[in-house]
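The next block holds one structure in the form of structure tokens; read it before the comments.
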Amino acid sequence: MSYSFLRESKLYIVYGGNKYRIYTSSAISLDQTFAEDSYSVKTLHDQSKMFEGSSITKANPASFSFDVPLTIEKDESIMLDLATEIDTTVDSGITTQQLRSFDAYIQTGSSTFKLEGAIITGATFDFIYENQFTLRLEGQGKKLTRVGDESYSIPCDSTFSESSTRTPLIVYPIISADSLNMSSIISANLQIQNEIAWTPYETLNDSLEVTSSSNAIFPTTYTLESRIVSGEIRQYQNDNNVTQFDDFSTSTNLTMKAMQVGDASNATPFLQININPVMYTARMQMQDVYTQSYDFRSLDNTGTLNASITNYIN
């Protein structure tokens, strides 16, 4: 008897015909459920009494989440591309925007699971002193299946050349709002939320043919309804910034830099994100040491965020 252990799991991403080995923390999850439709059924002996029957013909969208620690070698840059880039197509004068779709494979000591048509619906960058720079991802997919055992060969055209080393990336944030350089920063984060709606995919004819999970109806298409880019910047309050605690703006150019620990503040940042314009509101928090937080949101979410991210993506 062989068990599957989370700590032994390996994640592979197949995109554009290439296979990428993605190293994650232990915070990884993957699941899919089926949708039940109940209906009232009368009994033969008493037509006034009814019980609830059940019909299961379709699956809900699969869901996943995992954390990707970023490294100096940048082998995981494909995940930044998948998290930030949007593909735009024009058909008969109608413009459609879609997230980049990929297949994910999870290999354990006894099984290989495949998630088809995966898309990233949420991504978070954490800029925290003394912690490894991490990209937290969550998303959905069309179909989750077991495709083989631990020796299953993942189909792809080529395999990404993996670096021989993996060096943890520790960063500290340098942030400016317009011409204001923010000091005494405790932490910062940037969140990308893609709001999607799956197109109804159940038909009467298809549902009548469902006999088991092997021929159940799975999601096929979705609509990208909106994208929200937002975040928070937290700093210690001191005599240089105390007048900003009740500030706000609706037209600020925000620049966030992830500087590798050991580099001077004027060195080339490992990651730089420019967002223009953003709105923000500032609020004070009364703790042992007074702090203040800036909650911000991009006011231009129509384009791709990828174009504003520099230095990290190869």
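Laboratory data are not the source of any read-out in this text; all were calculated from the coordinates shown. Quick caveat, the model's predicted, so the values are computed rather than measured. Cβ atoms come from the backbone with ideal geometry, glycine included; neighbour counts cover every protein chain shown.
Per the Cα gyration tensor, segment 81-129 maps to an equivalent ellipsoid with semi-axes of 28, 20, 6 Å, ordered largest to smallest. Only the Cβ atoms of Lys and Arg (+1) and of Asp and Glu (-1) were treated as charged; on that basis the dipole of segment 113-190 about its Cα centre amounts to roughly 220 debye.
For segment 225-284, the pair-distance distribution built from all alpha carbon pairs, in bins 10 Å wide starting at 0, is 17, 39, 38, 7, 0 percent. Computed on segment 124-183, the Cα convex hull volume stands at 220 Å³ per residue. When the pairs 19/58; 10/257; 19/142; 114/257; 74/114; 10/142 are compared against a 27 Å limit on Cα-Cα distance, 19/58; 10/257; 114/257 fall above it.
Consider all pairwise Cα distances in segment 55-173 and report the whole-number % of them above 23 Å. Please list the in-between numbers first.
Numbers: 3258 of 7021 pairs.
Percent of Cα pairs beyond 23 Å in segment 55-173: 46.
Under 5 Å from the amide H of residue 134 lie the amide H atoms of 70, 126, each residue being 5 or more positions distant or on a separate chain, with H modelled from the backbone and absent for Pro and chain starts.
Each peptide among 140-149, 83-92 gets the average number of other Cβ atoms lying within 10 Å of its residues, and from highest to lowest they stand as 140-149, 83-92.
Using the Cβ-Cβ distance between residue 111 and residue 268 with R0 set to 41 Å, the FRET efficiency works out to roughly 0.40. The order of the peptides 118-124, 21-27 by mean Cβ neighbours within 10 Å, most packed first, is 118-124, 21-27.
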